[in-house]
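These notes are about the structure you will find just below.
The values are calculated or read from the model by the stated rules, or taken from the named source; none is laboratory data. Since we're looking at a predicted model, the values are computed, not measured. Note: ideal-geometry Cβ built from the backbone for every residue, glycine included; neighbour counts use all protein chains shown. Each accessible area value is taken on the protein alone, full model and side chains, heavy atoms only, with ligands, DNA and RNA left out. Shrake-Rupley method; radii C 1.70, N 1.55, O 1.52, S 1.80 Å.
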Amino acid sequence: MAAVRQSPLFHTHEQAGASFVDHHGWRVPAYFTFAQKEAEQLAKSVAVSDVSWMVKLDVKGQPPETLDRAGWRLGPQHFLITRPPGAQLPDFTPTLSVTDVTSVYAQFLLAGPRSRDVLRKLTSLNVATLVNLACGQASVAHVPGKVLREDIGDIPAFHILVSREYGESAWEAILHAGHEFHIAPFGLKALEFLGGRA
Amino acid sequence: MADGSRKFTFEFDGKPVEARDGDTVASALYRAGRRIFTRSFKYHRPRGLLCMAGKCPNCLVNVDGTPNVRSCVTPVRDGMQVRHQNAFPSLESDWLSGVQRFDWLMPVGWYYKTMTHEWSWHAAEPYIRKVAGLGVAPEPGKGSTDYEHEWRHAEVAVIGGGPAGLQAAFELAQGGAQVTVVDDQIELGGHRRYRKAAGGIPSQLIAELRSMPGVEIISRAYCFGLYEGNLLGIVQANPHAGAIERLIHLRAKRVVIAAGAYEVPFPFENNDLPGIMLSTAVQRLIRLHQIKPGNRAVVVANGSQGDEVTADLREAGVEVAGAITPDQVLSALGSSHVTTLRARHGEFACDLVVICGPRVPDGGLLHQAGARMAWNEERGAFLSLGLPANVSAVGEVTGAWLVPAIPLPPQDLAFHKRSFVCLCNDVSTVDLRDAIQEGFDQIETLKRYTTLTMGPCQGRMCQLSGIGVCARETGRSMGETGVTTSRPPNPSVSLGALAGPRHHPTRRTPMHYAHEESGAVWMDMGEWKRPRYYKTASSSDERASVEEEYRAVRERVGLIDVSTLGKLDVKGQDAGKLLDKVYTNRFSDLKPGRVRYSVLCDEAGIMLDDGTISRLDENHYFITTTTGNLDFVQQWLEWWLVGTGWDVHITNLTGGRAAVNLAGPKARDVLQALTACDLSTKAFPYMACREADVAEVPALLMRIGFVGETGWEIHFPAEYGEHLWKKLLDAGKLLNIRPFGVEAQRLLRLEKRHVIVGVDTDALSSPYDAGMAWVAKLDKIDFIGRNALSRLSGTTPPQSLIGFIMNEDAIPQDGAAILVNGTLAGRVTSSRYSPHQGKAVGLAWVASASAREGAEIEIRVNGGTARARIVPDAFYDPSGDRLRM
């Protein structure tokens, strides 16, 4: 039997009543209530999903121009590539140092018209100036984090990355901050209703 | 204006009170007939509404468990439970008001005058603490609900939603600026909300503002401080149903202060009686809450300043019995409420005295921004001068249009011990005069000696009058006397708001739930949660559990979660060079497939951290650090890399790798069942490392021996944490494998005399002090600390780290003192009962002169001392054979 890969929130999702499926070796929630309902909550207000299974690569070194479009620029010689598992990865020139950091981060997708309001309760980053495809590094829920904005269509959406061991802590803080807007978790299936990638 | 039609109920001291939409707690209570709202701090005098603006201390109540709430600015909610403060048994009859008869025992500065011996203060303090203070803090866990934090950014922040602030925001937004308006009332409009003569609320301007993109309005939010870099501290009340307060950090490129001016009282005999109110308070009661403030009023005003409120009173059906000027006032009469106002030319029976007092620009934020406060005679106020480039002021806060209400310094001041300047602390004009005569004649020392301005109102009500009295009594001008410093937070902020949501970041390993299932008893290691030991059916307490875990490792096999170790991935052609530079050991000559232990030292040769370094490949290393020290080590490495131009890339993998230590004479049997990697000593010797799959999980295996038995430290991707942990326990079931916790690990490593940097060493420890000379390779090309270590090499340090075995049956505690010949000679760092030795063993720092092998020392234990002897070797398997099986 192949080894099962679990996100740090696995037991939290179990307790929340999630229905699990296999996703490239990871055991992930397909939905918590109903996928369509979760998608509606996202489109109407705000919702959050645990996407820790996303492939993440830490790339350091003198970058070619193509890397700017393929990844998130964290510093002059520091990039973060995020891809769904199984997706094609960019070609890396030998001058680059690439380290797989998929396991290093817990990753959450916070999406919806109210996602900015929730984010403002979690981080001092200037959320208003964080436009689509921009990224920032700051304290998020009191731990070092990265925020990557990648909208779903015209719905604002943010990937929040924290070091994996803070996963449950950060998830709790996000749910608490989103309580005002009736935030709810969403699973894999909900994204299909929104045309998002999984 | 709020629609006053909806009625609901709240409780005051357990009795129901009716309220309407738009009511504050104070207005609802006043409408219901309440006139005494609290008792004063020192004399427990009855106090009623004075300012209706959140500026004075007279209306403080306890709301739903939260003490010291300003009821005049707190919107009332259905079901709210309000209780009075500082009066027993009731507000109407407070036993402690009898203390006024003993006021002669408590002149200004009476603490300093009576309690001149330390013992007298210690004797009096418990009683003073019981009666002092106003509100009572809620019990932990009670009386507090959720608090939030929020971070906002603005191009321009406008503080104050009155006419000046609204106009400024409008013009700025029209010019294309992004503007955030912060206002502390339930609706915008500032003083236009209650001053009819000023023209009413500018509704159209407000509607236009709300429709402009780029304009944000934050209501029911007060700004308590302006900090460096134009960071504004703001508290918003009840932002939504689930939160009581929200602390907003607002960073603005430019700040416009439009905080307005507020009214203050002036001193005369009995000026603190309920029924004596400021004119703006009366206007608020009438206009905002449709309340008739009294039946028969006297208006005290200079010139025509009282005309507006007189018209308002008449409109509200209040009989205006008289209008007099401030210099005409002699005293107010009444016991629990004003009944008469005595003036020079006659007496007025009344139940309401309306004071048209001086206006003070609310310029605290300007002062904090760096403005100088300068007295302006024409305006009768201290105005802010010299603002920095990105801070400006508009409206009444600038002092424009202010007209003095009373002469300052006061000319005709009748000193009376019930003529109050500071209402918060019951400081009278007599107290101020006496203090000045005693020599406290500078405003800052006068403040500290009398506690003027040091109460809940933070000087809002009393600073102006206080400066007036000081100026008069010292013969100085107002400007020469000056102001006391305004510091944030002003107004005050609840600790709950500052603390924010109850959220403490916790770090959990990937196997957290597995430990929970196995009966882990948790301990905190910084933010990490780690199993201290595991409770089982067979062991009765911690000592028994730890010993069982210990035995499992020594006799069979045990498994511990060490995922908390810091882990760094270091790649690059010059990686070896960097490691040679920062570690005291050599690494460029380490063969791939080998592990080496080393320490980091600073330039003075002090040990900063220790860890293992595995060479995975020509240009690829894997470093482990002490739990909790990763951030420091990574910064240290990056620091020394700067400017070298070396090709080295460092990535933090701490959260991304689960790690376990499988140890014991049977460890190999367990591990071999799960991996194809040859684990024999021949193929996999001690201090070697291999990359291999274990139970289908890609892993790095390191054969090292912190606990002193044959074993492997296994590092693998964190998402496989539970999977591999369970597989290992399953594979070891027949061998009776035990998971073991931090306590057992501490004992196991202590028997092996393994030092823990940061526990057995401190900020003064070099490798030589700690008996680890072998770790510093002085013949190496330069490394950080080499110079210092060269000088230290061969010298005798003042203290040495030694190992000891007890000669008696006593177990010293970590940190216990060590005596040699009766004098203090050191301290224990780690000490545990050693099952192998049958006695307690440990590590300790001892003066080097006494640190000889075999020497006897005494250790403080259980109130007495116990004898121990110094031994040079490990207490278990000193030759290390058990590691190499």
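Before moving on, here are some points about what is shown:
- Full-stretch length increase - B:Leu735, B:Trp639 - with 0.36 nm per residue and alpha-carbon distance subtracted: 29.8 nm
- Look at the alpha carbon pairs under 8 Å that are at least 6 residues apart: their mean separation over the length of chain A gives a relative contact order of 26 percent.
- Dipole of the protein assembly as shown, positive direction: furthest Cα of B:Trp725, B:Ile756, B:Pro326, with charges on the beta-carbon: B:Pro326
- Computed over protein heavy atoms with a 1.4 Å probe, the accessible surface of the stretch B:1-125 works out to 48 Å² per residue.
- Considering only B:Leu616, B:Ile606, B:Gln634, the residue lying farthest towards the positive end of the dipole of the stretch B:590-638 is B:Leu616, judged by Cα position with unit charges set on Cβ.
- Computed over all pairs of different Cα atoms, the Kirkwood value for the hydrodynamic radius of the protein assembly as shown is 34.3 Å.
- Neighbouring partner chain Cβ atoms per residue of B:712-721, average, 10 Å criterion: 5
- Based on the Kirkwood approach, the hydrodynamic radius assigned to the stretch B:767-885 is 15.5 Å, with every pair of different Cα atoms included.
- Cβ-Cβ distance of A:Asp22 and B:Ser680, R₀ of 41 Å, FRET efficiency by 1/(1 + (r/R0)^6): the value works out to about 0.65.
- For chain A, built as a Gaussian network whose Cα springs stay under 10 Å, the top-fluctuating residue of A:Ala87, A:Ala35, A:Ala184: A:Ala87
- On the beta carbon distance between B:Gln672 and B:Lys7, with R0 = 60 Å, the FRET formula returns roughly 0.15.
- Calculated [θ] (222 nm, deg cm²/dmol) that DSSP helices of n ≥ 4 give over chain B, each run adding -39,500 (n - 2.57): -6000 deg cm²/dmol
- B:Asp779 versus B:Thr795: modelled label distance in nm, points set 7 Å from Cα along the beta carbon direction: 2.4 nm
- Partner lysines for B:Lys733 [C-alpha distance under 28 Å; skip if fewer than 8 residues away on the same chain]: B:Lys529, B:Lys535, B:Lys666, B:Lys682, B:Lys752
- Shape category assigned to the stretch B:330-436 from the gyration tensor of Cα positions, a/c cut at 1.5: prolate
- Sites A:Gln77 and B:Asp631, calculated FRET efficiency, Cβ-Cβ separation with R0 25 Å, nearest 0.05: 0.75
- Compactness relative to 2.2 N^0.38 Å, alpha carbon Rg of the stretch B:76-158: 1.76
- Buried area at the B-A interface (accessible, heavy atoms, 1.4 Å probe, summed, Å²): 3500 Å²
- Dipole moment magnitude, nearest 20 debye, chain A about Cα centre, only Lys, Arg, Asp, Glu C-beta charged: 180 debye
- Contour minus Cα-Cα distance for B:Asp21 and B:Ala321 (0.36 nm per residue): 104.8 nm
- Shielding by partners for peptide A:116-126, expressed as the average number of C-beta atoms from other protein chains within 10 Å of each residue's C-beta, is 4.
- For chain A, the alpha-carbon coordinates run over 47, 47, 30 Å along the three principal axes, in decreasing order.
- Charged side chains reduced to their Cβ positions (Lys and Arg at +1, Asp and Glu at -1) give the stretch B:352-437 a dipole of some 40 debye around its Cα centre.
- Where a label projected 7 Å from the Cα of B:Asp647 along Cα→Cβ would reach, residues of the stretch A:93-112 with amide N under 11 Å: A:94-97
- C-alpha center-to-center spacing [the stretch B:223-300, the stretch A:172-186] in angstrom: 34 Å
- With both labels modelled 7 Å from their Cα along Cα-to-Cβ, the B:Val99 to B:Val403 distance reads 4.2 nm.
- Accessible area (Å², per residue) of the stretch B:633-735, counting only protein heavy atoms and a probe of 1.4 Å: 36 Å²
- Mean separation of Cα pairs under 8 Å and 6 or more residues apart, divided by the residue count, gives chain B a relative contact order of 8 percent.
- Approximate spin-label separation B:Asp441-B:Asp412, in nm, with each point projected 7 Å along Cα-to-Cβ: 2.7 nm
- Annotation: peptides B:423-435, A:148-160, B:537-549, B:162-174, ranked by per-residue average of other Cβ atoms within 10 Å with the highest first, follow the order B:423-435, B:162-174, A:148-160, B:537-549.
- Computed Rg/Rh of the stretch A:154-198, alpha carbon atoms with Kirkwood Rh: 1.00
- Percentage of interatomic Cα-Cα distances in chain B larger than 37 Å: 61 percent
- The Cα atoms of the stretch B:572-614 define a convex hull whose projected area, averaged across directions, is 3.0 nm².
- Cross-link partners for B:Lys7 among the aspartates and glutamates, with Cα-Cα distance under 15 Å and sequence neighbours closer than 8 places in the same chain left out: B:Glu18, B:Asp21, B:Asp23, B:Asp78.
- Residues listed by number, the stretch B:728-758, amide nitrogen under 11 Å from B:Met525 label point at 7 Å toward C-beta: B:741-746
- Rolling a 1.4 Å probe over the protein heavy atoms of the protein assembly as shown, with every protein chain left in place, gives an accessible area that is 51 percent carbon and sulfur.
- Using every pair of separate Cα atoms, the Kirkwood estimate puts the hydrodynamic radius of the stretch B:509-574 at 13.7 angstrom.
- Listed by chain and number, the lysines whose alpha-carbon sits under 18 Å from that of B:Lys577, ignoring those within fewer than 8 places in the same chain, are B:Lys591, B:Lys777, B:Lys780.
- Unit charges on C-beta of K, R, D, E only; dipole of the stretch B:575-734, Debye: 580 debye
- Accessible solvent surface per residue of the stretch B:178-315, calculated while the other protein chains remain in place, 1.4 angstrom probe, Å²: 36 Å²
- Extension gain for B:Glu155-B:His240 works out to 28.0 nm (0.36 nm per residue, less the C-alpha to C-alpha distance).
- Note on the protein assembly as shown: dipole from Cβ charges, positive end direction compared against B:Gly175, A:Pro84, B:Leu387; the farthest Cα belongs to B:Leu387.
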